[in-house]
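Engineer: Sharing a structure with you now.
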Amino acid sequence: MLPPIANRFVAGETPAETIAHVRRLNDRDVEALVNLLGEHYDDRETVAGDVAAYHTLIDDIADDGLEAAVSVKPSQLGLDLGENVFREHLAELVDHAADRGVFVWIDMEDHTTTDVTLDAYEELAREHDGGVGVCVQANLKRTRADVERLAGVPGKVRFVKGAYDEPASIAYTDKADVNRAYRELLEYAFEHFEDGIAVGSHDPAMIDYAIDCHDEHGTPFEIQMLMGVREDAQYDLAEEYEVWQYVPYGDRWKSYFYRRIMERKENLWFAVRAILGR
């Protein structure tokens, strides 16, 4: 059973609980990016199980007419077993989702996966003329060149600051440098992209900056935030802008939950208050 203090950040352990949460979001004009928790699998059986679950999830979203997409991790689809395993499963999912009218996002993991993830995204986005998106991380020094490469690809790109502890030789480690890089990437994307931009941030200053860029260039964009983080702001923003909530679910929730409560002091204090019954 999912404990009460964890269900702020995780929709539930079952698809049914997750679909119910998505319906509640849709009722408040917020759309959902649904992710089955799991990563870095080293056996084919576990990979196959999650791939099958995503196929069912795509059907559930389409059959219920929900405003939702799925978001998958390369290592969950078998990247640790080989690039060919990952790309085969991803292609199957994107093909199925395209048939059902469901968008697929490819999450970005640490820097060792960047090339294979971007290559798979570009191939599938061109094959399907969109219908798929990928995440890029502002803290990586290479990302500006990657974004310039992706500007003409017919898909969507999600811009985040980056959560992985990367080596200083390849990544910005100072918060100010990451913020500067994030603003520069957003400015370039709003000026050069045509198929839409996803602003993956809870930082009010970055969201305001993205809105200013949108007002200047008119490029379509959406705001993406995590379940359980600044949800009041999500509902407020949804009154005027397209807002998507990243909705994780599944029985592998513990490590995800602990990452969430430790990454921001506000989340940690929420958990402490919940334990104390306040």
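Engineer: Say R0 is 30 Å: what FRET efficiency, to the nearest 0.05, do VAL85 and ASP165 get from their beta-carbon distance?
Structural biologist: Result of the calculation: an efficiency of 0.70.
Engineer: Using a 1.4 angstrom probe and counting only protein chains, how large is the accessible area of ARG87 in Å², to 10?
Structural biologist: 60 Å²
Engineer: Tell me which residues come under 5 Å, amide H to amide H, from LEU33 once H is placed; ignore anything under 5 positions away on its chain.
Structural biologist: Result for LEU33 returns ALA69, GLN245, TYR246, VAL247.
Engineer: Now for a separate question. Restricting to lysines 8 or more places apart or on different chains, can you count the pairs in the chain with Cα atoms under 17 Å from each other?
Structural biologist: So the count works out to 5.
Engineer: Counting only Cα, what are the radius of gyration and maximum Cα-Cα distance Dmax of region 95-189, in Å?
Structural biologist: For region 95-189, the Cα-based Rg and Dmax read 13.8, 44 Å.
Engineer: For region 76-228, give the magnitude of the charge dipole about the Cα centre (Cβ charges: +1 Lys/Arg, -1 Asp/Glu; no others), in debye to the nearest 20.
Structural biologist: So the magnitude is around 280 debye.
Engineer: Right, another one. Considering only C-alpha atoms, what is the centroid distance from region 10-56 to region 81-122, in Å?
Structural biologist: Region 10-56 and region 81-122 have Cα centres spaced 16 Å from each other.
Engineer: Something else now. Would you mind checking which residues have amide H under 5 Å from ILE197's amide H? H placed 1.01 Å from N; only 5 or more apart, or other chain.
Structural biologist: Here PHE221, GLU222 satisfy the definition.
Engineer: Continuing with this model, one more query. Could you compute how much accessible surface ASP27 exposes when probed at 1.4 Å, giving the result in Å² to the nearest 10?
Structural biologist: Roughly 130 Å² of ASP27 is accessible to a 1.4 Å probe.
Engineer: For region 162-243, give the percent of accessible area contributed by carbon and sulfur heavy atoms, probe 1.4 Å, rounded to a whole number.
Structural biologist: 42 percent
Engineer: Rounded to the nearest 500 deg cm²/dmol, what is the calculated helix-only ellipticity per residue at 222 nm for the chain, with -39500 (n - 2.57) per DSSP H run of length n ≥ 4?
Structural biologist: Value at 222 nm, helices only: -16000 deg cm²/dmol.
Engineer: Can you send over the solvent-accessible area of HIS214, 1.4 Å probe, protein chains only, in Å² to the nearest 10?
Structural biologist: Result for HIS214: roughly 50 Å² accessible.
Engineer: Calculate the all-directions average of the projected area of the chain's alpha-carbon convex hull, and give it in nm².
Structural biologist: 14.2 nm²
Engineer: Still on this structure, I have one more. What is the Å³ per residue value for the convex hull set by the Cα atoms of region 1-141?
Structural biologist: Dividing the Cα hull volume of region 1-141 by its residue count gives 130 Å³.
Engineer: Shifting gears a bit: So for the chain, taking the charge dipole from beta-carbon charges (+1 Lys/Arg, -1 Asp/Glu), which of TYR172, HIS192, VAL22 sits furthest toward the positive end?
Structural biologist: TYR172
Engineer: Filter the chain for me: DSSP H helices, axial length by Cα at least 15 angstrom, mean Kyte-Doolittle hydropathy not below 0.5. List them by residue number.
Structural biologist: 265-276
The values are calculated or read from the model by the stated rules, or taken from the named source; none is laboratory data. None of these values were measured; they are calculated from a predicted model. Because the Cβ atoms are built from the backbone with ideal geometry, glycine has one as well, and the counts that use them run over all protein chains shown. Ligands, DNA and RNA are excluded from the accessible area calculation, which covers all protein heavy atoms including side chains. Shrake-Rupley method; radii C 1.70, N 1.55, O 1.52, S 1.80 Å.
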